[in-house]
Amino acid sequence: MERKNGWEIWDESKIKEVFAYCEDYKEFLSINKTVRKFVKSCIEKSKEKGFKNIDELNVIKKGDKFYKINKGKEVIFGIIGDKKLTDGCRFIVAHTDCPRIDLKTSPLYEDENIALFKTYYYGGIKKYQWLTIPLALCGVVFLKDGTFKEIEIGEKDNDPVFVITDLLPHLAKEQYKKTIEDGFPGESLNAFVGTVPDKSKDKEKVKSNVLKILKEYYGIDEEDLVSAEIELVPAGKSKDAGIDKSMILAYGQDDRVCSYTSFTALLNSYNPINNIFCILVDQEEIGSRGSTSASSSFFEYFIEEVLEKSGYSILDKRKLFENSKAISADVNTLLDPNFKDAYEPRNAGRINCGVVLTKITGARGKSGSTEPTGEYVAYIRKIFDKNNVLWQPGEIGKLELGGGGTVASYFARYNIDTVDCGTGVLSMHAPFELTGKIDVYSTYEGYKVFYQEE
Ligand code: MN
Ligand code: MN
């Protein structure tokens with residue numbers, strides 16, 4: 001299939017929209033680097049547009065806009081349209097968690113008069129990419145009395161940052177001989193925290209001083225770190241990339257690019273015919289097993305609540321699911337000229353050629369794929385073409401090289417037609433991932449069409 005480049009075919013006024021949209025997107029990414037912050041900011045934005053917590057609604061009717069939040073880390077937004085709920089709904093599901101470096105539960109120790117944090121990487125990272133870059137410490141510490149303390153160090157201009165060191169090339173002869181997998185053991189990914197000693201102590205003086213600072217500024221003790229969700233993320237703001245500012249280099253675009261585009265597409269869908277929902281899940285990068293992940297019953301119970309409050313029976317969920325359509329909104333890869341061998345060029349997506357529609361995910365003989373029916377893919381093609389959405393087919397690289405899955409299966413299992421469709425990303429899972437602005441915007445447009453088309 002011929003791919004069209006958005007820069008070639010879109011006119012000036014549309015390009016203006018692209019740049020304006022991407023400014024907001026970059027800003028949103030820069031200030032929301034944890035799942036909790038991302039979820040909270042989306043809720044705040046939705047409230048400005050009149051969305052209400054579903055708990056406040058006893059009855060749900062046409063035109064109602066609401067959200068339901070799960071433990072601060074998962075959220076579903078919905079708008080009730082003209083259609084009956086049993087005629088089906090439109091679901092777009094994306095994940096807001098991203099690869100990162102978590103602190104271990106007992107992280108702080110001292111070695112050679114340096115205080116360090118033991119860490120545990122979250123998600124599939126190439127560990128060496130996370131060494132020697134400035135890292136910000138973000139998250140929440142939960143105390144036994146039920147209160148919590150928020151931490152964010154490294155994002156303001158004058159904030160200090162944290163770093164995981166790497167071996168100097170002068171001494172790396174042995175390191176060079178190792179494979180990338182063996183060369184960077186997880187237990188060596190320890191972040192530097194401080195070097196000033198607490199002179200009043202006899203031993204572990206530097207660690208003691210760090211604990212003093214944590215107590216003074218955040219009111220937390222060492223033990224409290226056991227119930228903390230603290231992570232190290234790349235410090236600094238999202239940036240335009242390229243001399244023509246045509247791309248975005250930012251942390252967390254997998255999958256916050258699809259989270260942001262599906263969420264804003266829903267926010268900007270006024271009086272929809274369809275009943276439309278945006279589901280932002282957690283823990284996709286570690287296998288979707290937790291209570292705030294796509295495998296949680298939260299989604300199903302939410303649908304039951306919507307049915308009940310709309311005057312239907314809970315059993316109507318069978319009809320609702322059967323007649324619904326879903327997009328599993330996750331990123332795909334794009335052909336990278338630096339690593340051409342990893343891609344099969346006929347089927348690989350290209351930067352700036354639009355949102356990527358992926359019929360087949362998984363790996364090796366489609367293992368793990370959630371393959372949609374041909375009819376459903378034809379439907380998506382039809383509504384995209386009818387509305388001039390710039391889109392392209394894509395796949396995750398050459399067949400036997402690897403592959404990947406998404407949360408599609410958790411929605412397909414309800415007998416909901418589900419297809420993977422999302423933005424193409426380069427350097428996926430790196431501290432800073434690269435996208436094309438045309439692709440970000442066409443993802444937004446594609447999702448909006450999906451919500452609005454009959
Ligand atoms: Mn993803
Ligand atoms: Mn991922």
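So is Glu152 of a type in the set (D, E, K, R) and in a helix (DSSP H, G or I) or not?
It is false that Glu152 is of a type in the set (D, E, K, R) and in a helix (DSSP H, G or I).
Among Lys33, Lys71, which is the only one that is away from ligand 2 (no atom under 16 Å from the Cβ), at pLDDT 95 or above and not hydrophobic (A, V, I, L, M, F, W, C)?
Lys71
Take the residues in segment 431-454 that are more than 16 Å from ligand 1 (Cβ to nearest atom) and closer than 14 Å to Gly349 by Cβ; name whichever of them is surrounded by the most Cβ atoms within 10 Å (Cβ to Cβ).
Gly446
Condition first: closer than 29 Å to Cys278 by Cα, of a type outside the set (Asp, Glu), part of a loop (DSSP other than H, G, I, E, B) and free of Cβ contacts under 8 Å to residues at least 60 places away in the same chain. Now tell me which residues in segment 336-381 satisfy that. First the steps, then the outcome.
Narrowing segment 336-381 to residues closer than 29 Å to Cys278 by Cα: 347-363, 366-381.
From what's left, of a type outside the set (Asp, Glu): 347-363, 366-370, 372-374, 376-381.
With the extra rule that they be part of a loop (DSSP other than H, G, I, E, B), the set shrinks to 347-348, 350-354, 359-361, 366, 368-370, 372-373.
Matches in segment 336-381: Asn347, Ala348, Ile360, Thr361, Lys366, Gly368, Ser369, Thr370, Pro372, Thr373.
Pairs only if they're at least six apart or on different chains, beta carbon under 6 angstrom, first in segment 283-312 and within 16 Å of ligand 1 (Cβ to nearest atom), second assigned to a helix (DSSP H, G or I) and hydroxyl-bearing (Ser, Thr, Tyr); list them, first residue then second.
The qualifying pairs are Ala294/Tyr410; Ser295/Tyr410.
Would you mention how many residues in segment 6-36 are under 16 Å from the mean Cα position of the chain (by Cα) and in a helix (DSSP H, G or I)?
Here the count works out to 9.
Exactly one condition in (1) part of a strand (DSSP E or B); (2) more than 16 Å from ligand 2 (Cβ to nearest atom) is false for Asn271; which is it?
(1)
Any residue at all in segment 417-436 that's away from ligand 2 (no atom under 16 Å from the Cβ), under 24 Å from Tyr21 (Cα atoms) and within 21 Å of the chain's Cα centre (by Cα)?
Checking segment 417-436: at least one residue is away from ligand 2 (no atom under 16 Å from the Cβ), under 24 Å from Tyr21 (Cα atoms) and within 21 Å of the chain's Cα centre (by Cα).
Which condition number does Ile220 fail, the rest of (1) within 30 Å of Gly146 (Cβ to Cβ); (2) in a helix (DSSP H, G or I); (3) more than 28 Å from the chain's Cα centre (by Cα) being met?
Every listed condition holds for Ile220 apart from (2).
What is the number of the single condition among (1) surrounded by fewer than 22 Cβ atoms within 10 Å (Cβ to Cβ); (2) away from ligand 2 (no atom under 16 Å from the Cβ); (3) not hydroxyl-bearing (Ser, Thr, Tyr) that Gly368 does not meet?
So Gly368 meets the others, but not (2).
Examine segment 410-430 for a residue that is within 16 Å of ligand 1 (Cβ to nearest atom), surrounded by 16 or more Cβ atoms within 10 Å (Cβ to Cβ), within 20 Å of Lys4 (Cα to Cα) and among the aliphatic types (A, V, I, L, M), and state whether such a residue exists.
Checked against the condition, which is being within 16 Å of ligand 1 (Cβ to nearest atom), surrounded by 16 or more Cβ atoms within 10 Å (Cβ to Cβ), within 20 Å of Lys4 (Cα to Cα) and among the aliphatic types (A, V, I, L, M), segment 410-430 yields at least one hit.
For segment 382-401, what are the residues that are under 25 Å from the mean Cα position of the chain (by Cα) and either charged (D, E, K, R) or surrounded by fewer than 14 Cβ atoms within 10 Å (Cβ to Cβ) (or both)?
Glu395, Lys398, Leu401
Which of the residues belonging to segment 82-101 are more than 16 Å from ligand 1 (Cβ to nearest atom), touching a Leu at 6+ places or on another chain (Cβ under 8 Å) and either of a type outside the set (Val, Ile, Thr) or under 29 Å from Arg289 (Cβ atoms) (or both)?
Leu85, Gly88, Cys89, Ile101
Go through segment 405-416 and report how many residues are within 14 Å of ligand 2 (Cβ to nearest atom) and hydroxyl-bearing (Ser, Thr, Tyr).
1
Please go through segment 313-335 and give me each residue that is in a loop (DSSP other than H, G, I, E, B) and either in contact (Cβ under 8 Å) with a residue 60 or more places away in the chain or closer than 18 Å to His429 by Cβ (or both), ordered by number. Lay out the reasoning, then the answer.
Taking segment 313-335 as the starting set, the residues that turn out to be in a loop (DSSP other than H, G, I, E, B) are 313, 323-324, 329-331, 335.
Passing the criteria: Asn323, Ser324, Ala329, Asp330, Val331, Leu335.
Considering (1) in a loop (DSSP other than H, G, I, E, B); (2) within 16 Å of ligand 1 (Cβ to nearest atom), say which one Ser259 fails and leave the rest.
Among (1) in a loop (DSSP other than H, G, I, E, B); (2) within 16 Å of ligand 1 (Cβ to nearest atom), Ser259 violates only (1).
Filtering segment 135-151 down to residues that are touching a Phe, Trp or Tyr at 6+ places or on another chain (Cβ under 9 Å) and either charged (D, E, K, R) or under 15 Å from Asp102 (Cα atoms) (or both), which residue is surrounded by the fewest Cβ atoms within 10 Å (Cβ to Cβ)?
Checked segment 135-151; the qualifying residue surrounded by the fewest Cβ atoms within 10 Å (Cβ to Cβ) is Glu150.
State whether the residues of segment 79-100 include one that is away from ligand 2 (no atom under 16 Å from the Cβ) and more than 30 Å from Phe321 (Cα to Cα).
no
Test of understanding: among Lys325, Lys319, which residue is surrounded by fewer than 18 Cβ atoms within 10 Å (Cβ to Cβ) and within 26 Å of Ala378 (Cβ to Cβ)?
Just one listed residue meets the conditions, Lys319.
Tell me, please, whether a residue that is over 24 Å from Thr423 (Cα atoms), surrounded by fewer than 19 Cβ atoms within 10 Å (Cβ to Cβ) and touching a strand residue (DSSP E or B) at 6+ places or on another chain (Cβ under 6 Å) can be found in segment 278-291.
Within segment 278-291 (the criterion being over 24 Å from Thr423 (Cα atoms), surrounded by fewer than 19 Cβ atoms within 10 Å (Cβ to Cβ) and touching a strand residue (DSSP E or B) at 6+ places or on another chain (Cβ under 6 Å)), the answer is no, since none of the residues qualifies.
For a quick check of your reading: which strands (runs of 3 or more DSSP E) sit entirely within segment 57-143 and have at least 1 residues that are more than 30 Å from Asp157 (Cβ to Cβ)?
Working: elements: 65-70, 74-79, 89-95, 100-111, 114-122, 135-142.
Filter on segment 57-143 gives 65-70, 74-79, 89-95, 100-111.
Go through segment 109-137 and give me each residue that's more than 16 Å from ligand 1 (Cβ to nearest atom) and in contact with a Lys or Arg (Cβ under 6 Å, 6 or more places away or on another chain).
Glu110, Ala115, Lys118, Tyr120
The values are calculated or read from the model by the stated rules, or taken from the named source; none is laboratory data. Computed from a prediction, not measured in an experiment: that's the story for all the values here. For neighbour counting, all protein chains shown are included, and Cβ atoms are generated from backbone atoms with ideal geometry for every residue, glycine included.
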